[in-house]
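Inspection log for the structure reproduced underneath, given as structure tokens.
The values are calculated or read from the model by the stated rules, or taken from the named source; none is laboratory data. Small disclaimer: the values here were computed from a predicted structure and weren't measured. Positions of Cβ are generated from backbone atoms using ideal geometry, with glycine treated the same way; all protein chains shown enter the neighbour counts.
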């Protein structure tokens, strides 16, 4: 995830945030990530929160896992092993909030 890829991801996610309150980003195909790419993910995460939405991450590639762990981003983000687990977590949060 470098400049052009990050810019495209930003555009797509910001458009999706106009339509939904929950997004799962599957990062299994990420081969490289620089600080710009990580900054994009943090910025999108913050933008979602500011809109009352959530972005969750699933199926991290080894590179993404290493970057998240090294930078402590894994403490900021909700990370799941599978996209299905991440999707289920949206439903469990809604159920907990309605109790």
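The table for this structure:
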{"item": "Verdict on residue 45 being surrounded by 16 or more Cβ atoms within 10 Å (Cβ to Cβ), at pLDDT 95 or above and touching a helix residue (DSSP H, G or I) at 6+ places or on another chain (Cβ under 7 Å)", "result": "no"}
{"item": "Long-range neighbours under 9 Å by Cβ, at least six apart or interchain, first residue surrounded by fewer than 15 Cβ atoms within 10 Å (Cβ to Cβ) within region 16-36, second in a loop (DSSP other than H, G, I, E, B) and at pLDDT below 95", "result": "31/1; 32/1; 32/2; 34/1; 34/2; 36/1; 36/2"}
{"item": "The listed residue being under 13 Å from the mean Cα position of the chain (by Cα), at pLDDT 95 or above and closer than 16 Å to residue 81 by Cβ, out of 25, 17", "result": "25"}
{"item": "Residue under evaluation residue 56, criteria (1) closer than 24 Å to residue 87 by Cβ; (2) modelled with pLDDT under 95, criterion not met", "result": "(2)"}
